[in-house]
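Below is one structure, written out as structure tokens; the observations come after it.
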Amino acid sequence: VWLVAPALIGGGLCLLSFMPSLFSLFGFAPDHCSVHDGHLHLCLIHPPLPVDSSTLQFILVALVGVTVYFIGASFFDLLRAHKFQRTLMVASNPHETYPIRVVDWDMPLALSAGIRCMKVFISSQLVETLPPKQLEVVIAHEQAHLSRRDPLRDFVAHAFSFAHIPWLRKGLLMDFDLATEQACDDLAAAKAGGRLHVADTILAVERLFIMRRLPSMVMSISGSNITARVESLLAQSSTCEPISR
């Protein structure tokens with residue numbers, strides 16, 4: 001909510017500013033400009049300033065340029081993510097036992113991708129390297145991303161937080177990413193062996209991973225904030241789970 005608040009508040013205020021002219025445009029009210037005596041006001045039907053004003057033209061060009069930039073950047077992220085998922089679909093096959101797709105690749109890979117048709121992709125190297133119990137943790141974590149629709153949430157958070165102050169946006173996105181991964185760690189712990197086992201699996205996978213920049217709408221167990229996630233799992237497990245000796 002904090003990430004998208006500036007864009008939503010700005011859009012809402014802009015919509016309210018143009019409500020009188022919108023009512024007139026769609027026939028719900030008479031032309032509101034007729035009740036004004038030529039003073040400047042916001043209107044979608046009648047220009048608020050002379051169209052030949054160089055200042056107005058500069059402002060309009062700047063606003064259109066900024067809008068096109070942010071819309072174009074988000075659209076490019078969508079295309080990049082779609083192309084990435086399509087490539088993985090072509091290069092993968094369904095697993096015989098688990099509801100995942102195995103990519104024939106000799107590098108570690110474990111991620112969830114997509115918005116409408118979300119899938120979990122794990123490389124054959126990771127399937128063959130990890131013990132079965134740790135592989136179940138990885139799958140549970142990635143399936144948690146899908147059940148929470150985190151790829152879509154991640155895209156919305158990045159695309160609609162553009163109106164924030166840059167340093168504040170960066171910090172909020174880091175907190176958002178950490179909270180997302182911790183939520184999936186908790187779900188994986190409840191499903192696949194407890195918090196200590198999840199922490200051990202995260203460290204094991206992190207040793208195998210070579211970090212690469214992934215497109216938007218792609219979530220991976222070996223993402224960011226590894227230290228904070230493991231410390232959180234260990235801290236809470238000490239109060240929630242008995243330690244076997």
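The values are calculated or read from the model by the stated rules, or taken from the named source; none is laboratory data. Predicted, not measured: the structure shown is a model, and the values here were computed from it. Every residue, glycine among them, receives a Cβ derived from its backbone with ideal geometry; neighbour counts consider all protein chains shown. Note: accessible area is taken over every heavy atom of the protein model, side chains too, but ligands, DNA and RNA are not part of it. Shrake-Rupley method; radii C 1.70, N 1.55, O 1.52, S 1.80 Å.
Given the conditions (1) modelled with pLDDT of 90 or more; (2) among the β-branched types (Val, Ile, Thr); (3) part of a helix (DSSP H, G or I), which single one is not true for residue 205?
Failing condition for residue 205: (1).
Filter the stretch 173-192 down to the residues that are among the acidic types (Asp, Glu) and buried (at least 21 other Cβ atoms within 10 Å of the Cβ), then identify the one that is nearest to residue 161 (Cα to Cα). Step through it out loud before you land on a result.
Let us first name the residues in the stretch 173-192 that are among the acidic types (Asp, Glu), namely 175, 177, 181, 185-186.
Subset that is buried (at least 21 other Cβ atoms within 10 Å of the Cβ): 181, 185.
Working: 181: 19, 185: 25 Å.
For the stretch 173-192, the residue satisfying everything is 181.
Tell me yes or no: at least one residue of the stretch 98-110 is of a type in the set (Gly, Ala, Ser), under 16 Å from residue 201 (Cα atoms) and touching a residue at least 12 places away in the same chain (Cβ under 8 Å). Let's see the steps before the verdict.
At the first step, the residues of the stretch 98-110 found to be of a type in the set (Gly, Ala, Ser) are 110.
If we keep only those that are under 16 Å from residue 201 (Cα atoms) too, we end up with 110.
From the residues that got through so far, the ones that are touching a residue at least 12 places away in the same chain (Cβ under 8 Å) too are 110.
Looking through the stretch 98-110, at least one residue is of a type in the set (Gly, Ala, Ser), under 16 Å from residue 201 (Cα atoms) and touching a residue at least 12 places away in the same chain (Cβ under 8 Å).
Considering only the stretch 88-132, state which residues are under 20 Å from the mean Cα position of the chain (by Cα) and hydroxyl-bearing (Ser, Thr, Tyr).
112
Is there a residue being of a type outside the set (Val, Ile, Thr), open to solvent by less than 30 Å² (accessible area, probe 1.4 Å), touching a strand residue (DSSP E or B) at 6+ places or on another chain (Cβ under 9 Å) and within 19 Å of residue 159 (Cβ to Cβ) anywhere in the stretch 87-96? Write out each step before concluding.
To start, the set of residues in the stretch 87-96 that are of a type outside the set (Val, Ile, Thr) comprises 88-89, 91-96.
From what is left, the residues that are open to solvent by less than 30 Å² (accessible area, probe 1.4 Å) are 88, 92.
Then drop every residue that is not touching a strand residue (DSSP E or B) at 6+ places or on another chain (Cβ under 9 Å), which leaves 88, 92.
Subset that is within 19 Å of residue 159 (Cβ to Cβ): none.
Taking every residue of the stretch 87-96 in turn, none turns out to be of a type outside the set (Val, Ile, Thr), open to solvent by less than 30 Å² (accessible area, probe 1.4 Å), touching a strand residue (DSSP E or B) at 6+ places or on another chain (Cβ under 9 Å) and within 19 Å of residue 159 (Cβ to Cβ).
Among the residues of the stretch 101-116, what is the count of those that are surrounded by fewer than 16 Cβ atoms within 10 Å (Cβ to Cβ) and touching a strand residue (DSSP E or B) at 6+ places or on another chain (Cβ under 9 Å)?
Count: 3.
Name every residue in the stretch 14-43 that is at pLDDT 80 or above and either open to solvent by 100 Å² or more (accessible area, probe 1.4 Å) or part of a loop (DSSP other than H, G, I, E, B) (or both), in order of residue number.
Answer for the stretch 14-43, where residues must be at pLDDT 80 or above and either open to solvent by 100 Å² or more (accessible area, probe 1.4 Å) or part of a loop (DSSP other than H, G, I, E, B) (or both): just 16.
In this structure, does residue 140 turn out to be assigned to a helix (DSSP H, G or I) and over 24 Å from residue 199 (Cα atoms)? Steps first, answer last, please.
Values: assigned to a helix (DSSP H, G or I): yes; over 24 Å from residue 199 (Cα atoms): no.
Here the answer is no, as residue 140 does not meet what is asked.
Would you confirm whether or not the stretch 133-145 contains a residue that is open to solvent by 20 Å² or more (accessible area, probe 1.4 Å), over 27 Å from residue 107 (Cβ atoms) and touching a residue at least 40 places away in the same chain (Cβ under 8 Å)?
So the first thing to find is which residues in the stretch 133-145 are open to solvent by 20 Å² or more (accessible area, probe 1.4 Å), and the list is 133-134, 136, 143.
Filter again for over 27 Å from residue 107 (Cβ atoms), leaving none.
No: the stretch 133-145 contains no residue that is open to solvent by 20 Å² or more (accessible area, probe 1.4 Å), over 27 Å from residue 107 (Cβ atoms) and touching a residue at least 40 places away in the same chain (Cβ under 8 Å).
When only residues in the stretch 160-172 that are open to solvent by 20 Å² or more (accessible area, probe 1.4 Å) and touching a residue at least 60 places away in the same chain (Cβ under 8 Å) count, which is nearest to residue 137 (Cα to Cα)?
Filtering the stretch 160-172 for residues open to solvent by 20 Å² or more (accessible area, probe 1.4 Å) gives 160, 162-172.
Next cut, touching a residue at least 60 places away in the same chain (Cβ under 8 Å) only: 160, 162-164, 169, 172.
Working: 160: 32, 162: 34, 163: 37, 164: 36, 169: 31, 172: 27 Å.
Selected residue: 172.
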